[in-house]
Number of protein chains: 2
Amino acid sequence: MAILPAPLQDLINALERLPGIGPKTASRLAFFLLRAPDDLSQQLAEALQQLKQATGFCNICHNITLSSQQECEICANDQRDASLICVVEEPSDVLAIERTDGFQGRYHVLQGVISPIEGVGPDDLKVKSLIKRVADGGIKEVIIATNPSMEGDATALYLRRQLAPYGVRITRLARGLPVGGDLEYADQNTLLRALAGRQEL
Amino acid sequence: MAILPAPLQDLINALERLPGIGPKTASRLAFFLLRAPDDLSQQLAEALQQLKQATGFCNICHNITLSSQQECEICANDQRDASLICVVEEPSDVLAIERTDGFQGRYHVLQGVISPIEGVGPDDLKVKSLIKRVADGGIKEVIIATNPSMEGDATALYLRRQLAPYGVRITRLARGLPVGGDLEYADQNTLLRALAGRQEL
């Protein structure tokens, strides 16, 4: 069997390391890039090189920001409610919540989740700076928006314990049936949570 | 709504231009690359830049090869049957056929297919060099392995007409039910072709 030219094989190998991209997709993308106008692979290559060089993390909330800035745009924005902190696992979670247009407070990005299996403890996360933000005062409520998973729940419980002494309101995102979902296809746990969390009509 | 830092948004925009990658996947890949070790985005960026610089096309069959080589590995391989030419549309088709390990001849890559809708005529493809290869003699059979589509069929008919004067055997890949497929779910045309092409058991 003939071997692909090394540059093409290299690209396929690199693409295969991306999540959700298997050998077939990687090969399809590589052949597409081969035929595509030069500026596409150039644009991709430049964006990849810029990614790590030009981005950094906000000194306050640890969300992703330009490396030239100390604070992210949300922390630097006076219009946002500084007494309300939404704690999330990853920068992509900030984007998801911002898209709803339903939250006007600030964020705190843990940059991970407590996971004994993967050997990630509280000290590996941005927990200390969260406690400091709350201890410094001016915070009324901390919304814990870690994922509705085992690890997310464990992290939420840990944070609740750590933040309890400061007397701030601590909340967690509601669990229940997804909007547009079908009761018949909801899994048992979701249905149990939806029952337990039922609300007055 | 907060805007993503420009370098991240640039990468998402570039990824979205790839086939089969929508806004959600692009965003997921970009956030993954942000957290991934530096060498992954570096490896990808380098592979992308190398792709066009270091690859070229074989002078004989127009398959992809290293830009430092005049001929691809298949054309340069004396072990391969030079009297048998398999005509395909794209370099990726060569890979697909090589993977079967069932073909020991040479290839000819048209680098496209005749498509009046997209304004692609025979002169835009590597047809002339195919005719020259056949005219130069030594060829016994030309297998036309363009896609089993309208355009692929039209191209096959066109090539048959062009190659007829040279008295070589001209064949086309068999059409029928895909192996492992289900008769019930086969489309009408495939079933018609499978009936018409039925073989003695």
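The values are calculated or read from the model by the stated rules, or taken from the named source; none is laboratory data. Computed from a predicted structure; not experimentally measured. Positions of Cβ are backbone-derived with ideal geometry, glycine not excepted, and every protein chain shown enters the neighbour counts. Surface areas here come from the heavy atoms of the whole protein model, side chains and all, with no ligands, DNA or RNA. Shrake-Rupley method; radii C 1.70, N 1.55, O 1.52, S 1.80 Å.
List of remarks:
- Beta carbons closer than 7 Å, at least 6 apart along the sequence or on distinct chains, pair a first residue in the range B:48-64 that is within 7 Å of chain A (Cβ to nearest Cβ) with a second that is charged (D, E, K, R) and open to solvent by 50 Å² or more (accessible area, probe 1.4 Å) for B:Gln50/A:Asp10; B:Lys52/A:Asp38.
- Subset of the range B:74-118 [away from every other protein chain (no Cβ under 13 Å), outside any loop (DSSP other than H, G, I, E, B) and surrounded by fewer than 20 Cβ atoms within 10 Å (Cβ to Cβ)]: B:Asp81, B:Ala82, B:Ser83, B:Leu84, B:Ser115
- Unmet criterion (only one of (1) at the interface with another protein chain (Cβ under 9 Å from one of its Cβ atoms); (2) of a type outside the set (Ser, Thr, Tyr); (3) open to solvent by 30 Å² or more (accessible area, probe 1.4 Å); (4) closer than 18 Å to B:Ile21 by Cβ) for A:Leu44: (3)
- Filter result for the condition that a residue is out of contact with any Leu (no Cβ under 9 Å at 6 or more places or on another chain), farther than 19 Å from B:Cys72 by Cβ and outside the structural domain of B:Cys72 (by TED's automatic domain parsing), over B:Glu151, B:Glu200: B:Glu200
So that you can scan it fast, the table gives a plain yes or no per residue for (1) at pLDDT below 90; (2) touching a Cys at 6+ places or on another chain (Cβ under 9 Å); (3) open to solvent by 80 Å² or more (accessible area, probe 1.4 Å):
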site: B:Thr155; (1), (2), (3): no, no, no
site: B:Leu159; (1), (2), (3): no, no, no
site: B:Pro165; (1), (2), (3): no, no, yes
site: B:Val179; (1), (2), (3): yes, no, yes
site: B:Leu191; (1), (2), (3): yes, no, no
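- B:Ile12 part of a helix (DSSP H, G or I) and of a type in the set (Val, Ile, Thr): yes
- Scanning the range A:92-142 for residues that are in contact with a helix residue (DSSP H, G or I) (Cβ under 9 Å, 6 or more places away or on another chain), of a type in the set (S, T, N, Q) and within 16 Å of A:Tyr158 (Cβ to Cβ) gives A:Gln111, A:Ser115.
- One residue stands out in the range B:4-19 among those that are within 7 Å of chain A (Cβ to nearest Cβ) and not hydrophobic (A, V, I, L, M, F, W, C): the one that is most open to solvent (accessible area, probe 1.4 Å), namely B:Arg17.
- Test: residue in the range A:33-46 that is touching a residue at least 12 places away in the same chain (Cβ under 8 Å) and small (Gly, Ala, Ser): no
- Selected residue (criterion: least open to solvent (accessible area, probe 1.4 Å)) from residues of the range B:167-177 that are closer than 21 Å to B:Met150 by Cα and hydrophobic (A, V, I, L, M, F, W, C): B:Ile170
- Here B:Ser129 meets each of (1) within 23 Å of B:Gly102 (Cα to Cα); (2) of a type in the set (S, T, N, Q); (3) out of contact with any Leu (no Cβ under 9 Å at 6 or more places or on another chain) with one exception, condition (1).
- Only a single item in (1) closer than 26 Å to B:Gln111 by Cβ; (2) open to solvent by 60 Å² or more (accessible area, probe 1.4 Å); (3) assigned to a loop (DSSP other than H, G, I, E, B) is not met by B:Lys132, and it is number (3).
- Here B:Ala174 fulfils each of the conditions (1) touching a Gly at 6+ places or on another chain (Cβ under 7 Å); (2) within 20 Å of A:Arg35 (Cα to Cα); (3) away from chain A (no Cβ under 14 Å) apart from (2).
- Just one of (1) open to solvent by less than 80 Å² (accessible area, probe 1.4 Å); (2) free of Cβ contacts under 8 Å to residues at least 40 places away in the same chain; (3) closer than 29 Å to B:Asp81 by Cβ fails for B:Ala145. It is (2).
- When the residues of the range A:29-40 are filtered to those that are more than 7 Å from every other protein chain (Cβ to nearest Cβ) and open to solvent by 20 Å² or more (accessible area, probe 1.4 Å), the one that is nearest to B:His62 (Cα to Cα) is A:Arg35.
- Any hit, the range B:119-126, residues being in contact (Cβ under 8 Å) with a residue 12 or more places away in the chain, of a type in the set (A, V, I, L, M, F, W, C) and not in a loop (DSSP other than H, G, I, E, B): no
- Restricting B:Ile12, B:Ile117, B:Ile64 to those that are assigned by TED's automatic domain parsing to the domain that holds B:Lys132, hydrophobic (A, V, I, L, M, F, W, C) and within 28 Å of A:Gln42 (Cβ to Cβ) reduces the list to B:Ile64.
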